[in-house]
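The values are calculated or read from the model by the stated rules, or taken from the named source; none is laboratory data. Predicted model, so just to flag it, every value in this text is computed and none were measured. When we count neighbours, we look across all protein chains shown, and the Cβ atoms used for this are built from the backbone with ideal geometry, even at glycine.
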């Protein structure tokens, strides 16, 4: 027995589902890995650093969860499931509709411009959108901040930053969106482990989406460490098990009391 439902993790969290027919015209469900799950150290039945995100949302009873940058929607689906599970176990009350209910919502902000990665869920019929029903903003994070979050007077309980990885880009996202955190708001930034980036090897004949500027998250973390405003926890597992997938690093922020 395990506290984790590995079958659900495999079929809904770390893989997408596509309905297909075999050569005998029989229906079957094909599973395919969620894009960029490897950057979270995730495999078929291991959520990697996604388990940290799930736990923080559960522990802090977070209702409004925002993910800037999304890849294959790995973190947003965990955000959504964490809120649904809070309702299932009786912590959150009322209507559990994922968009307009009483359990809050998961909002995904992605410019879908191909910089740093490509999304594969733009279609309304994608498994991610049909199964988890996040609120989608296909625009830059700056436009989304001023034209949606400010106008709607939204306060964020959990913020995950995984968009523009340049220093200027990640700093702008951090500065803008932390200004609208709720009183107990939590922030996580992905790709903060510089050692992972430094060791990553890509052959010259392969165009990798890992080759865009990557230094921003780690540089911002080092800068904020010198200030007293934030409590900061780096969670890096690169090299602990050299022959197993590992996370590109996740750093947690909470305002100091």
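See the values below:
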{"item": "Residue in the stretch 57-68 that is closer than 21 Å to residue 163 by Cα, at pLDDT 95 or above, part of a helix (DSSP H, G or I) and touching a helix residue (DSSP H, G or I) at 6+ places or on another chain (Cβ under 7 Å) present", "result": "yes"}
{"item": "Some residue of the stretch 44-52 being surrounded by fewer than 21 Cβ atoms within 10 Å (Cβ to Cβ), within 26 Å of residue 171 (Cβ to Cβ) and out of contact with any helix residue (DSSP H, G or I) (no Cβ under 7 Å at 6 or more places or on another chain)", "result": "yes"}
{"item": "Residue in the stretch 183-194 that is free of Cβ contacts under 8 Å to residues at least 60 places away in the same chain, touching a strand residue (DSSP E or B) at 6+ places or on another chain (Cβ under 8 Å), at negative phi and buried (at least 18 other Cβ atoms within 10 Å of the Cβ) present", "result": "yes"}
{"item": "Residues of the stretch 97-129 that turn out to be on the phi > 0 side of the Ramachandran plot and exposed (fewer than 13 other Cβ atoms within 10 Å of the Cβ), as a count", "result": "1"}
{"item": "When residues of the stretch 72-96 are limited to those that are touching a strand residue (DSSP E or B) at 6+ places or on another chain (Cβ under 9 Å) and assigned to a loop (DSSP other than H, G, I, E, B), the one nearest to residue 133 (Cα to Cα)", "result": "73"}
{"item": "Matching residues in the stretch 1-28 - criterion: being outside any loop (DSSP other than H, G, I, E, B) and either under 25 Å from residue 188 (Cα atoms) or in contact with a helix residue (DSSP H, G or I) (Cβ under 8 Å, 6 or more places away or on another chain) (or both)", "result": "6, 8, 9, 10, 12, 13, 15, 16, 17, 18"}
{"item": "Residue ID - farthest from residue 37 (Cα to Cα), chosen from residues in the stretch 245-257 that are touching a residue at least 12 places away in the same chain (Cβ under 8 Å) and out of contact with any strand residue (DSSP E or B) (no Cβ under 6 Å at 6 or more places or on another chain)", "result": "255"}
{"item": "Residue check, residue 155 loosely packed, with under 15 Cβ neighbours inside 10 Å and touching a strand residue (DSSP E or B) at 6+ places or on another chain (Cβ under 6 Å)", "result": "yes"}
